[in-house]
Amino acid sequence: MLPTRGDDFTKLPLCTICVKSGLLCPRCQRLVERGDYDEVDIEIMKTLLELEESKFSILKDVVYHKSYKANNMYVIVFSGNKLSPYMLGKIAKKLSEKLEGKVRIIEKSGSLRRMASQLLFPANVLGVNILWLPDGSWQSIVRVSKSDSKALPAEKEVLEEILTKLSGMEVRIRFE
């Protein structure tokens, strides 16, 4: 029997066979058409399956949520098994080689500060504030030390775009 969604592979939102073949079943096609997942997600899911089969069997305990791409940087959101920073680094390095871009793997969290800390590492996040605007809208401000501005893994604007996508709210980075 061929493995499908959830059988002995990384827990993916799309069927394993669909990801491997590139031909989507009606269920997976609906998820893509609805905008829940896109070509970047499918490419990354396929690469994760290849890595899992070749050398990183630990990925079978990981739940894949979503990937985001901005410029030449990929951010992959996982949950589940607590992978060590060493193992995350090895997986990110292999993904970087295969995808030909920077890769950050972060753990899904409801906390903007926690996700920002993982994304902006090695820069230190001082805090997260809410800025209320005159029109009644608001933005989240991620505060980073000025001395860490050069330690960011990508340009400030790219990181703001990714944090906005991750959190579903407008996010800005401010140096203090």
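What follows is calculated from the coordinates using simple rules that are stated; it is not laboratory data. Everything numeric here is computed off the predicted structure, so don't read it as measured data. Cβ coordinates were reconstructed from backbone atoms using ideal geometry, including for glycine residues, and neighbour counts include every protein chain displayed.
Which value, in debye to the nearest 20, gives the size of the charge dipole of the stretch 1-108 about its Cα centre, when Lys and Arg are +1 and Asp and Glu are -1 at the Cβ?
260
Using only the alpha-carbon atoms, how far is helix 39-54 inclined from the longest principal axis of the chain? Give it as 0 to 90 degrees, nearest 10.
60
Return one number: the angle in degrees, 0 to 90 and rounded to the nearest 10, between the long axis of the Cα atoms of helix 85-99 and the longest principal axis of the Cα atoms of the chain.
70
Helix-only estimate, please: 222 nm mean residue ellipticity of the chain, summing -39500 (n - 2.57) across DSSP H runs of length 4 or more and dividing by its residues, to the nearest 500.
-11500 deg cm²/dmol
Which whole-number percent gives the relative contact order of the stretch 109-176, counting Cα pairs below 8 Å spaced six or more residues apart?
33
Putting +1 on Lys and Arg Cβ atoms and -1 on Asp and Glu Cβ atoms, find which of Cys25, Ile42, Ala116 reaches farthest to the positive end of the dipole of the chain.
It is Ala116.
I need the peptides 142-153, 160-171 ranked by packing, meaning the mean over residues of other C-beta atoms within 10 angstrom, with the highest value on top.
Listed from highest to lowest mean packing, they are 160-171, 142-153.
Which ³J(HN,Hα) values, rounded to whole Hz and listed in residue order, are derived for the stretch 137-143 from phi using the Karplus coefficients 6.51, -1.76 and 1.60 in 6.51 cos²θ - 1.76 cosθ + 1.60 with θ = phi - 60°, glycine and proline given as x?
Result, ordered by residue: 7, 8, 10, 8, 10, 8, 8 Hz.
In the stretch 125-168, with Lys and Arg counted as +1 and Asp and Glu as -1 at Cβ, which of these residues, Val125, Ser137, Pro153, has the Cα nearest the positive end of the dipole, that is, farthest along it?
Value computed over the given set: Val125.
Local charge sum around Val144 (other residues, Cβ-Cβ under 15 Å, Lys/Arg +1, Asp/Glu -1)?
Details: positive: Arg113, Arg114, Arg143, Lys146, Lys150, Lys156, Arg172, Arg174; negative: Asp148, Glu155, Glu157, Glu160, Glu176.
Spelling it out: positives minus negatives among the neighbours equals +3.
If we count every other residue with Cβ under 9 angstrom of Phe175's Cβ, Lys/Arg +1 and Asp/Glu -1, where does the sum land?
Counting the neighbours of Phe175, the net charge comes to +2.
What relative contact order, as a whole-number percentage, does the stretch 1-108 give when Cα pairs under 8 Å and 6 or more residues apart are counted?
Relative contact order comes out at 23 percent.
Put +1 on the Cβ of every Lys and Arg and -1 on every Asp and Glu Cβ in the stretch 1-108; which of Leu12, Leu59, Leu83 then has its Cα farthest towards the positive end of the dipole?
Selected residue: Leu83.
Of Lys60/Lys150; Lys20/Lys93; Lys11/Lys150, which pairs sit farther than 32 Å apart, going by alpha carbon to alpha carbon?
Lys60/Lys150; Lys11/Lys150
With a cut-off of 8 Å between alpha carbons and a minimum separation of six or more residues, what is the relative contact order of the stretch 39-176 in percent?
About 18 percent, as a whole number.
What are the ³J(HN,Hα) couplings of the stretch 119-128, residue after residue, when phi is run through the Karplus curve with 6.51, -1.76, 1.60 and θ = phi - 60°? Round to Hz, x for glycine and proline.
Working through the residues one at a time gives 6, 8, 3, x, 5, 9, 7, 7, x, 10 Hz.
Out of the DSSP beta bridges found with both residues in the chain, what percent are antiparallel (nearest 5)?
55
Charges only on Cβ, +1 for Lys and Arg, -1 for Asp and Glu: so what's the dipole of the stretch 109-176 about the Cα centre, in debye to the nearest 20? Before the final figure, lay out each step's value.
Numbers: 9 positive and 8 negative charges, 52 e Å.
Taking the Cα centre of the stretch 109-176 as origin, the dipole is about 260 debye.
Given the C-alpha centroids of the stretch 35-112 and the stretch 116-139, what is the distance between them in whole angstrom?
Cα centroid of the stretch 35-112 versus Cα centroid of the stretch 116-139: 24 Å apart.
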